[in-house]
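Worksheet: the structure to be examined is printed underneath.
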Amino acid sequence: MKFSRPLVIALLALLGLAVSIYLLTVHLGLWSAVCLGVGDCEAVNTSRFSEFLGLPVALWGIGAYLTLFALSVAIMRNIFAEWARRGLFAVAAIGVAFSAYLTYIELYVLYEVCPWCVLSAIIVTLIAVLSALELRDAALYEPETSA
């Protein structure tokens, strides 16, 4: 079986989606977070920084991971693949930047760590790296069209 970056990205996006759904349910108070013995997920997930533009950050994560999943499926099915690769990289890059900001808030403002948030940051970073490689390789191997 041939290695497929878009498939790996889709699987990572589903994992990130699961993490984001879990964090949203914690944010909504459906149950207490399981912090795996590290940090204080509750403090992070209920802080004033846990919402962005009036919506829970975890909800933004759900939207981002669904978008990343859909774009990776579009690449696998060769549906607007060139645009999907660009969109995939753009969404992942924005996700990395936002995760970096949130990690800064965790470490230097709240002085707490949420392992689920760290896992999400790692997932989106892996997706960004894979999407950059996918974009680069597609540009290398696609034939040029003359105008």
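Each reported figure results from applying straightforward, stated rules to the coordinates on display, with no laboratory input. Remember, predicted model here, so these are calculated numbers, not experimental data. Quick reminder, even Gly has a Cβ in these numbers, built from the backbone with ideal geometry, and neighbours come from all protein chains shown.
Numbers for the structure displayed
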{"quantity": "For the stretch 128-133, Karplus couplings with θ = phi - 60° (6.51, -1.76, 1.60), whole Hz, Gly/Pro x", "calculated": "4, 4, 5, 5, 5, 5"}
{"quantity": "Extension gain from VAL38 to LEU66, taking 0.36 nm per residue of separation minus the Cα-Cα distance", "calculated": "7.3 nm"}
{"quantity": "Mean separation of Cα contacts under 8 Å, 6 or more apart, over the residue count of the chain: relative contact order %", "calculated": "33"}
{"quantity": "Point-charge dipole on Cβ atoms (K/R +1, D/E -1) for the stretch 5-139, about Cα centre, debye to 20", "calculated": "460"}
{"quantity": "Under Karplus coefficients 6.51, -1.76 and 1.60, residue-wise ³J(HN,Hα) of the stretch 74-88 in Hz, glycine/proline x", "calculated": "4, 5, 4, 8, 6, 9, 6, 4, 4, 5, 5, 4, 5, x, 4"}
{"quantity": "Summed side-chain charge close to VAL113 - residues other than VAL113 whose Cβ falls under 14 Å, Lys, Arg +1, Asp, Glu -1", "calculated": "-4"}
{"quantity": "Exposure proxy ranking, count of Cβ atoms within 10 Å, fewest first, for ARG85, ARG5, ARG48", "calculated": "ARG48, ARG5, ARG85"}
{"quantity": "Amide H within-cut-off set for GLU51, under 5 Å, with H built and near neighbours excluded", "calculated": "VAL57"}
{"quantity": "Linear extension gain, GLU51 paired with ASN78, 0.36 nm per residue minus alpha-carbon span", "calculated": "6.2 nm"}
{"quantity": "Residue-wise HN-Hα coupling along the stretch 97-111, computed from phi with Karplus coefficients 6.51, -1.76, 1.60 (Hz; x: Gly, Pro)", "calculated": "4, 5, 5, 5, 4, 5, 5, 4, 4, 4, 6, 10, 10, 8, 6"}
